[in-house]
1. With the requirement that a residue be surrounded by fewer than 16 Cβ atoms within 10 Å (Cβ to Cβ), at pLDDT 85 or above and in a helix (DSSP H, G or I), what does region 83-139 give you?
2. For region 7-35: of the residues being surrounded by fewer than 14 Cβ atoms within 10 Å (Cβ to Cβ) and part of a loop (DSSP other than H, G, I, E, B), which is modelled with the lowest pLDDT?
3. Could we say that D41 is more than 13 Å from L130 (Cα to Cα), within 15 Å of the chain's Cα centre (by Cα) and among the acidic types (D, E) here?
4. Would you check which residues across region 38-60 are part of a helix (DSSP H, G or I) and either within 17 Å of S100 (Cα to Cα) or touching a Phe, Trp or Tyr at 6+ places or on another chain (Cβ under 6 Å) (or both) and list them?
5. Pull up region 38-61, narrow it to residues that are hydrophobic (A, V, I, L, M, F, W, C) and surrounded by 14 or more Cβ atoms within 10 Å (Cβ to Cβ), then point me to the one that is farthest from P116 (Cα to Cα).
6. Just to verify a result, which residue in region 58-68, among those that are among the hydrophobic types (A, V, I, L, M, F, W, C) and farther than 14 Å from R120 by Cβ, is nearest to the chain's Cα centre (by Cα)?
7. Is it true that L71 is in contact (Cβ under 8 Å) with a residue 40 or more places away in the chain, under 18 Å from R58 (Cα atoms) and either within 12 Å of the chain's Cα centre (by Cα) or surrounded by 15 or more Cβ atoms within 10 Å (Cβ to Cβ) (or both)?
8. So, V96, is that one under 14 Å from S26 (Cβ atoms) and of a type in the set (A, V, I, L, M) or not?
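The values are calculated or read from the model by the stated rules, or taken from the named source; none is laboratory data. Quick caveat: nothing in here was measured; it's all calculated off a predicted structure. In this analysis, Cβ positions are derived from the backbone assuming ideal geometry, glycine residues included, and neighbour counts consider all displayed protein chains.
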Amino acid sequence: MSSINPDQCTFEKIFSAIPEETPVSSLNLLKFNEQAAYPADNGFMACSGREAYDRYLRTIEPRLTAVGGKLIFISDVLATLTAPSTENSWDLVVLVQYPSFAAFKSMAKNVDTEGPVHRRAALADSRTILIKSPCVPGTNDQEP
């Protein structure tokens, strides 16, 4: 089953469960549309889903920086070793780090009109997994 955006109920459940000060990262598994699926009369040039996602990244970069977030890595997927046979193979993995869950919430709630349009046009499917930001050994007292 395709999943592009969380529903409001999921947002509310997650927003009430994670303490605001918790450092988080979002691990994003992305499957692109072959051709971006923009709505009619959108004014955007036709492009691939990957190109539409690049547009999305350029659009959100200033907001990401403003909340203290940073793109840790973007990598093409070479192969999926373990997954249900019915699950899509992914095209791209993106890891974004936020200084706190409050910063992530600010980013998620404060969406402009153009960024989400590119993201929805780009993606055939996605998974966004929130994880506690990993500590770097020797840099804080949260080491395992």
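1. P116, the sole residue that qualifies.
2. D7
3. It is false that D41 is more than 13 Å from L130 (Cα to Cα), within 15 Å of the chain's Cα centre (by Cα) and among the acidic types (D, E).
4. G49, R50, listed by residue number.
5. Within region 38-61, the subset hydrophobic (A, V, I, L, M, F, W, C) is 40, 44-47, 52, 57, 60.
Next cut, surrounded by 14 or more Cβ atoms within 10 Å (Cβ to Cβ) only: 44, 47, 52, 57, 60.
Details: F44: 13, C47: 16, A52: 10, L57: 10, I60: 9 Å.
Filtering first and then ranking leaves C47.
6. Taking the candidates together, the pick is L64.
7. no
8. Values: under 14 Å from S26 (Cβ atoms): yes; of a type in the set (A, V, I, L, M): yes.
For V96, the condition - under 14 Å from S26 (Cβ atoms) and of a type in the set (A, V, I, L, M) - is met.
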